[in-house]
Amino acid sequence: MSTCLLCLVLLFFSVVAEATYYPGGFHHLSSLRQRKKASKSKSEFPFETRYFPQNLDHFSFTPDSYKVFHQKYLINSHFWRKGGPIFVYTGNEGDIDWFATNTGFMSDIAPKFRALLVFIEHRFYGESTPFGKKSHKSAETLGYLNSQQALADFAILIRSLKQNLSSEASPVVVFGGSYGGMLAAWFRLKYPHIAIGALASSAPILHFDNIVPLTSFYDAVSQDFKDASINCFKVIKRSWEELDALSTMKNGLQELSKKFRTCKGLHSIYSARDWLSGAFVYTAMVNYPTAANFMASLPGYPVEQMCKIIDGFPRGSSNLDRAFAAASLYYNYSGSKKCFEMEQQSDDHGLNGWQYQACTEMVMPMSCSNQSMLPPYENDYEAFKEQCMSRYGVKPRPHWITTEFGGKSIETVLKRFGSNIIFSNGLQDPWSRGGVLKNISSSIIALVTKKGAHHADLRAATKGDPEWLKEQRRQEVAIIENWISEYYRDLREEE
């Protein structure tokens, strides 16, 4: 709920079938875990892994607050020279190696800027768990998991790193995608004395407190498929009725398990429904122009490929069979899987903490209208609150993010207050509906691409990249170059 805002990608609860939505990388968590497994790999870039002794609580002075945990970060100094810029990735909800592997843009531009690269893991994710295996056991330990603590972690680690490198005058630019993009933007606003600028890619910072319509995310998913093929959109929309009908038949779940080639018999129709809808939602998010292996191994423009599968079926084929075949592209593009595991998957990327964040501060309300191709549901905050109380014993704070970081009337506020932030979004990414899509000032810039997907600009450049993506990256580099030049010019004037 991602990222994956998500993924995650930011996690949301749909009271219907207890689905969970992830912004960087944001859907049913078991399905998300299965999908993440495909993209797990060692970073291709020569990063050195380090661990920083981090305080548990930065905002109190009780004895317990001084408990130390070791925060993982990755560093690459190959192109860096003392005094040069430092590019920092503000880690999101997962292990940091995964994000480093999928954020090649920073490595691509490091030689030009002679930049030091640093990827910092978010507390309570990956290996950066303050209470080890017990970190996610209860609200007593998870209470130290929130965005404010994470931002303070980043600030303290960056200051310490600069001191240890004897390069305290080095300018810092922060980068992030999805939830990490939200953190990058918020870091620039909260710690302008530490970072001179931020590139916030696919950052849905307006997806809180009813700032955007609740249906906006699923409206965008549906529009992606409708743009590819009206027939494809209609087939998927009609498939849910067939799924419901099958589940009410005698031995319906057994028949559904056979039809969906599950490794084990299904216990609930919702497992199949979430498996299907998850494939369509995540494919819309990662509808990259070239083959990629972020959420899953997929061809270029996979939404179009899914619709070609659906449209290629002979007349009279069932809608559910067509939808299943299309979803299989997402889960089994290689064709190597003989069956699908739809229930009881493991957590391959340490994403469990996001459920807690969604139940506390990351309250991003959603609903799905009857106009969507996905099963409709209404946002039910009271039921969501009860789920959180039952699971963690905590009540959500739906207004906290806008209180802490703002969001309402963002243009009016930031044009007088903020500076040096790039908000990049691709309109094919469903999360773009909760992003900043217009320039706020001369230094808070919105770079919007019509065909862009979830933080596509942060991915490594490839020979097959379309011109619009190359141009977006060129603009980002030019803006960052200007920030750094201005910083060094100001520094010289102070001498």
At 10 °C and 1.306 mPa s, the Stokes-Einstein diffusion coefficient in µm²/s for the chain, with hydrodynamic radius from the Kirkwood sum on alpha carbon pairs, is 70 µm²/s
In whole Hz, the Karplus estimates of ³J(HN,Hα) for the stretch 391-402 (6.51, -1.76, 1.60; θ = phi - 60°; x where Gly or Pro) are 7, 10, x, 10, 9, x, 10, x, 9, 5, 4, 6
Phi-derived 3J(HN,Hα) across the stretch 238-244 with the Karplus relation (6.51, -1.76, 1.60, θ = phi - 60°), rounded Hz, x for Gly and Pro, is 7, 5, 5, 5, 5, 5, 4
For LYS72, other-chain or 5+-apart residues with amide H closer than 5 Å (H placed, Pro excluded) are PHE52, GLU121, SER128
The answer for trypsin sites (Lys or Arg not before Pro) in the stretch 202-309 that fall in a DSSP coil and have at most 11 neighbouring Cβ atoms within 10 Å is LYS250
Subtracting the Cα-Cα distance of ASP380 and LYS338 from 0.36 nm times their residue separation yields 11.3 nm
quick note, the chain, DSSP beta bridge pairs, % antiparallel (nearest 5) is 40 percent
Scaled by the rule-of-thumb 2.2 N^0.38 Å, the alpha carbon Rg for the stretch 388-436 gives a ratio of 1.57
tail above 25 Å in the computed P(r) of the stretch 376-480, as % of all Cα-Cα pairs, reads 42 percent
Here, GluC sites (Glu not before Pro) of the stretch 344-440 satisfying both criteria (DSSP loop; at most 14 other Cβ within 10 Å) are GLU378
Summing -39500 (n - 2.57) over every DSSP H run of at least 4 in the chain, dividing by its residue total and rounding to the nearest 500, the 222 nm mean residue ellipticity is -12500 deg cm²/dmol
The long-range amide H neighbours of PHE175, using H built 1.01 Å from N in the peptide plane and a cut-off of under 5 Å, are VAL88, TYR89, THR90, LEU199
In the stretch 136-176, the trypsin sites (Lys or Arg not before Pro) that sit in a DSSP loop and have at most 13 other Cβ atoms within 10 Å of their own Cβ are LYS137
With all protein chains in place and a 1.4 Å probe, TYR125 shows an accessible area in Å² (nearest 10) of 0 Å²
Note on the stretch 215-332: C-alpha Rg/Rh, Kirkwood Rh, two decimals, gives 0.97
Looks like the stretch 140-190, by Cα gyration tensor root eigenvalues a ≥ b ≥ c and the a/c under 1.5 rounded cutoff (else prolate when a/b is bigger than b/c, oblate otherwise), is oblate
Once the mean of 1/r over all distinct C-alpha pairs in the stretch 66-143 is inverted, the Kirkwood radius in Å reads 13.8 Å
Here D for the stretch 282-407, in µm²/s, from Stokes-Einstein with a Kirkwood Rh over Cα pairs at 4 °C and 1.567 mPa s, works out to 72 µm²/s
Subtracting the Cα-Cα distance of SER167 and HIS267 from 0.36 nm times their residue separation yields 30.2 nm
Along the stretch 253-261, Karplus-curve 3J(HN,Hα) (6.51, -1.76, 1.60; θ = phi - 60°) to the nearest Hz, with x for Gly and Pro, reads 5, 5, 5, 5, 4, 5, 4, 8, 6
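The values are calculated or read from the model by the stated rules, or taken from the named source; none is laboratory data. Worth saying up front: this structure is predicted, and the values here are computed from it rather than measured. Quick reminder, even Gly has a Cβ in these numbers, built from the backbone with ideal geometry, and neighbours come from all protein chains shown. With ligands, DNA and RNA removed, areas are computed over all heavy atoms of the protein, side chains included. Shrake-Rupley method; radii C 1.70, N 1.55, O 1.52, S 1.80 Å.
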